[in-house]
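Computed from the coordinates by the stated procedures, all read-outs in this text should not be read as laboratory data. This is a predicted model, so every value here is computed, not measured. Positions of Cβ are backbone-derived with ideal geometry, glycine not excepted, and every protein chain shown enters the neighbour counts.
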Amino acid sequence: MIRIIKLQYKDMQRELIDLFVRLSRTFVYIFLAQLLACQLLLAGTLSGQSLEEVKVSVARYSTVEEVLSQIEATSDFSFFYSKQVLKRHTGKIHIFPESDLRTILLKLSKSHNLRFRRINNAIYISRKQSDDQPAVIEIPSDFQIGGVVLDGETREPLIGATIKLANKSIGTITDIHGAFSLNVPDSSDMLVISSVGYQTISLPIKIGVTEYEIILKPKTEDLEAVVVVGYTSAKTRDIIGAISIVDESQIKSLPVAGLDQALQGQVPGVQVSSTGAPGAEAVVRIRGFATVGDNNPLYIVDGVPTKSGLNQFNLNDVESVQVLKDAAATAIYGSRAANGVVVITTKSGGGEAAKISANVYGGVMMPTNLPTMLNTQEYADLLWAAQLNSGVAPSNDLFGNGASPVIPEFLDSEGIVPANTSGTDWFEELFDPGSVQHYAVSVQNTSAKLSNYLSVSHLRQSGIMQHTNFARYNVQLNTSATLGKLTIGENLSLSSVTQQSAPTNQATGSRIIHAYRMNPIVPVRDLEGNFAGPVSGIQGAVNPVALNYLDQDDRLSTLRAFGSMYAEYELADGLFVKSRFGLDLIARNTKNYDPEYHMGITERGETSFLQRDERIAQFVSSNTLLYKRNIGEHFFSALAGTEAIRYQANFSGGASTGFVSDDIDYIQLNNGSGQSSNFSGGSEWALLSFFSRLDYSYNDKYLFSATVRRDGSSRFSPDNRFAHFPAFSAGWRVSQESFLKSFEWLQELKLRASWGQSGNQEIGDFSYFSTYSADAWDTYYAIDGSNDKAQIGFKPTRVGNEDVKWETTTQTNFGVDLATDFGLSASFDYFQKVTKDILIQRPTLAIEGQANAPFVNIGEMFNHGLEIVLGYDQAIEDDIAFGASVNMSVIRNEVKKLADDVVQLTGPVNTTFSRDLTLAVTQVGQPIAQFYGHIADGIFGSQPEVQSHAQQEGAGIGRIRYRDLDENGIIDDRDRTFIGSPHPELIGGVNLYFQYKRFDLKVLGQGVFGVDIYNFTRYYTDFFYDLGNRHSRVLDAWSPTNTDASVPMVAAVDINNELRPSTYFIEDGSYFRLKNIQASYQLPRIKETSCKVYVQAQNLFTMTKYQGVDPEISVLQADGQQNNLDIGIDRGIYPNARMFIIGLNLEI
């Protein structure tokens, strides 16, 4: 069935985008005008009359609220009060009708025990606390405040501390007693207090308060920050594992869908790669690839573990993030922690008064660096040249067979499909500006016994590729209550996600590959508004714009409830028992409808619909006993606990064909008139764990920690079910030694060392069983030879291995931490990481049958590396602050062992992903997933060069010359070698922060250096061996007059086998990207309300030599063995977009 599309569709879409831009611009102008007007109003001069001079007229008998309303109506004054203040005062009172305002207020104070404070034209009402308090006070617009500034540790007065009004050149310093006094003009709202060696703070000037006691914390207080580490918490100064604390403010400033994407460039030793697809999950690797199978880290969100789905949480709800990298930090999590752990804590209540926060932003996304393809005439001319170079008389069903190609007026005999003589730019047609919107509101509150946090948010991304979208709704509710020695609480996250995507990063079927290959002479639509397609002579691709349009109703919808409830009781002094029950419930629905189409010679002859429903439930129960004790200079902390995890997943679905209507409301499985089928299945696993940890420190200088965890997993046979994972670490705070006390500028110098083991159980369920399945197509047989019935049969689907056991990763780490009083800090870590008994699906021969190969422990892998962090954070002057942080990591990987009968492992070798070519292999002595092929050693420039070279089938002038590595005089498979590495020599990131008065600027840069990319798109774009379009670089192909070219001479026949994997396809994938830049302005506070407006750009520019659309390329997918054997291959990925945003943060 053909869908009819109006010709004006594209023009209408562009008009809507133009209208959106104009409306956005108008909104900005109105916003700025209102902002200016508000500033002018706030800056206006207020009345200087005293209350006695103000005459008002009120009714003789009125309630208090009626009196106040009448005063506001007949004067310039406004009253501010809580409803609780007047809650009991509902009766009417006698008031003199004509009187001055002071007399009326005194009358109200006497009759209702109220207190009035007048500042300018605002009068604040509160209850009188005692008879000694004045009933009515008038605070002058320019008044004096004073107080004292004290050291946060010693409570000693600070001499020479600076007290300054924010954004004004008014300030003073404390005297020898730490005291100060300062005249405050009416428009001031904040005090900024600073002193050398102390943290700078800002305090609001409170109405009616004239005396302040200000406490400044020494900068060493940063070392007192508490972080969450393994079922408990620790102070930063006591950490002796390799733990990176992520700047929460940097995370919240990023307009990304998931926390995994927000980690990019922020943490040393952590490589993050992500495509630009809306809502796409990132690929995160902590300290490289530790195994062939699952390399994803474990995420702990409020005490509940998960391995994926980070795009379903709201970044604004995150309070803190710690990345645990070495075994000393991760061993407490045992069998799921070999790839590192990311601990995420969401927000709780804060402050005695309720705080309402809102974060709103919106913006546009634009594609960048789209490839330049040939236009129609260029394509036809080069097609003719390719045939001539191959010794073939030029001829084509569309362009004729003359001396030069003839561009036809129409592609069909009916005159309905006009030829695009100038050429269709399929990338421009497939990609359009996208948009992003985010709305979040939260409420925080804390009292003596109760703390709560509630947030509601919505994120919507419309991708730069047509009909790709992501929409998410979130509710976060966190509550805790303290009842004596008992603390109870819950953390609950609810999310609803809808995602629409398109196939990318595939050698065939990818929408981007179709855009590369689609011939420029084909228009997007014909004269009747139908989608156009290729015709004879230019076949090879399908209209990608049409495919995305036809698939626009495909959806992946996910509902998720994630959270926990807990109770903690203090049994005795320092002895705590805690129980937590967590859950992760997921309901996932997939709908894919494929309409019928006929576009040129491409068609889909029958409609089909597939629906799949999945239910996942994970339950976690943990119980811990914690004891902490100080005995003189000795500190002990002991933790013991148990944890049980149960995971269950069930899915069911069906498929049907033959639908008579494309109406999405009609598309249901039972409405298909053709063939139907159904399917279902499920899986489950369980984990039982026992763990303990001992921490000890002496004199706050010598630190020691020991951890052991015993895990039992249902994924292994009873004989190998349990395993132990120990870890030990030690630290020396050298800066606390007496011989360094003279270095007063040295805040911290700490040496760290650790050793430990962690495991990996991610091999799928029931792997030690051989499994069988029934299939109507393969296993139902008519045993008696009849055709009217069949006997149900079974086939093997997987070969079991009862001897399969845990992977074990042993890691050693040495680290140094340095912090100074003048803002400089540094951290260095060197690690070695060895994974033994790697679980690999041994390659099988075809004669062994269809069953999946068993998992066997036959591998060993080695990683080692260096991580460096350098930082600076200091107030340069009272109004200026600057901070910078640079992180760098060097990680090396090597496969140490495979089974004797396993020479190599390969990535996927099939038509979909590699056109049946072996692109990467994993061998002993090399890093995982190295690119493998021939070395392209230039282009033959003359016949003598061809004759003097080794025997190479298809060699000729203008053809690629391949190196004879074994020097046997023949170019064959034995000349293949490792031709590139997808593993970078260096990864890094830089964070910059600059503040001037109310303005601040944040910059995040991220880079990958010394890495190779296999640009598989050149398989299609550089050679005329099929009838698809080509990249414009072939205009500079080799010819007798262009002998310095890097692209071989165009040819119509691949006699030289130039599509073979070789260095011709290997490119330098190094890049540095300005990932994010945000400029913001903090508006002056109005009472208790603060507001910050900001503008932001993401992916503003990328510096790279890579010729593809985006150098940010990682594994084929985020998990699976073959995917980790396939790294850094560009088959046409969804590129990252450049984004421009305007936003607002509001706090009340």
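Here the 3J(HN,Hα) profile of the range 706-711, calculated from phi with Karplus coefficients 6.51, -1.76 and 1.60 at θ = phi - 60°, is 9, 9, 9, 9, 10, 10 Hz, Gly and Pro shown as x. In this simple spin-label model, placing a label point 7 Å from the Cα along the Cα-to-Cβ direction at both SER677 and PHE1009 gives a separation of 5.2 nm. Straight-line cross-link reach from LYS833 at under 15 Å between alpha-carbon atoms covers these aspartates and glutamates, not counting any fewer than eight positions away in the same chain: ASP326, GLU807, GLU860, GLU867, GLU894. Using every pair of distinct Cα positions in the range 51-138, the Kirkwood expression returns a hydrodynamic radius of 13.0 angstrom. Distance between the pseudo-spin-label points of VAL946 and GLN49 (7 Å out from Cα toward the beta carbon): 10.4 nm. I want the local charge near GLN506. Using Cβ-Cβ distances under 13 Å, sum +1 for each Lys or Arg and -1 for each Asp or Glu among the other residues. Result for the neighbourhood of GLN506: +2. For the pair PHE722 and SER78, a Förster radius of 60 Å applied to the C-beta separation gives a FRET efficiency near 0.25, rounded to the nearest 0.05. Using a simple spin-label model with pseudo-atoms 7 Å out from Cα toward Cβ, LEU370 and THR771 lie 4.4 nm apart. Whole Å is fine, so just give me how far the alpha carbon centre of the range 434-458 lies from that of the range 566-606. Value for the Cα centre distance between the two parts: 22 Å.
Here the relative contact order of the chain, from alpha carbon pairs under 8 Å that lie six or more residues apart, stands at 10 percent.
Karplus-derived 3J(HN,Hα) values for the range 318-326, using 6.51 cos²θ - 1.76 cosθ + 1.60 with θ = phi - 60°, are 7, 9, 8, 9, 10, 10, 9, 10, 8 Hz; glycine and proline are entered as x.
Taking every Cα-Cα distance in the range 143-217 and sorting them into 5 Å bins from zero, the calculated P(r) comes out as 4, 17, 31, 26, 15, 6, 1 percent. Ignoring lysines fewer than eight residues from LYS1105 along the same chain, the ones with Cα atoms less than 20 angstrom from its Cα are LYS1075. Per-residue 3J(HN,Hα) values for the range 618-626, derived from phi via the Karplus relation 6.51 cos²θ - 1.76 cosθ + 1.60 with θ = phi - 60°, read 10, 10, 10, 10, 10, 9, 10, 10, 10 Hz in sequence order (x marks Gly and Pro). For every helix of n ≥ 4 consecutive DSSP H residues, a contribution of -39,500 (n - 2.57) applies; sum these over the chain, divide by its total residues, and give [θ] at 222 nm rounded to the nearest 500 deg cm²/dmol. Value at 222 nm, helices only, nearest 500: -3000 deg cm²/dmol. Set Lys and Arg Cβ to +1 and Asp and Glu Cβ to -1, take the dipole of the chain about its Cα centre, and tell me which of VAL909, VAL1053, LEU986 lies farthest positive. After comparing all options, I get LEU986. For the peptides 522-535, 321-334, 400-413, 967-980, residues were scored by their other Cβ atoms within 10 Å and the scores averaged per peptide; the highest-first order is 321-334, 522-535, 967-980, 400-413. Between GLU985 and GLN850, residue separation times 0.36 nm minus the direct Cα-Cα distance comes to 44.6 nm. Normalised radius of gyration (Cα atoms, divided by 2.2 N^0.38 Å) for the range 484-641: 1.91.
Placing a label point 7 Å from the Cα of GLU1147 along the Cα-to-Cβ direction, the residues of the range 355-385 with a backbone N closer than 18 Å are 355-361.
For ARG1138, the residues 5 or more places off, or on other chains, whose built amide H falls under 5 Å of its own are MET366, THR368.
Close amide H partners of ILE979, meaning residues 5 or more places away or on another chain with modelled amide H under 5 Å apart, are PHE931, TYR932, GLY933. Dimensions of the range 996-1148 based on its C-alpha atoms, expressed as ranges along the principal axes with the largest first, amount to 79, 43, 29 Å.
Cβ under 13 Å from MET366's Cβ, MET366 left aside: what net charge do those residues give with Lys, Arg +1 and Asp, Glu -1? With Lys, Arg at +1 and Asp, Glu at -1, the neighbours total -1. The slack between SER395 and ASN910, meaning 0.36 nm per residue of separation minus the straight C-alpha distance, is 182.2 nm.
Considering every Cα-Cα pair within the range 948-1033, what fraction, in whole percent, is farther apart than 23 Å? So the portion of pairs separated by more than 23 Å is 59 percent. Counting only DSSP beta bridges with both residues in the chain, the antiparallel share comes to about 95 percent. Rounded to the nearest 10 degrees, the angle from helix 376-389 to the longest Cα principal axis of the chain is 40 degrees. For the chain, the longest principal axis of the C-alpha atoms and the axis of helix 101-112 are separated by about 90°. Taking the empirical scaling 2.2 N^0.38 Å for compact globular proteins as reference, the chain has a Cα radius of gyration ratio of 1.10.
Nearest 10 degrees, 0 to 90: what angle lies between the long axis of helix 9-43 and the longest principal axis of the chain (Cα atoms)? Long axis of 9-43 versus the principal axis of the chain: about 20 degrees. Bridge orientation summary for the range 143-217: considering DSSP beta bridges with both residues in this region, about 75 percent are antiparallel.
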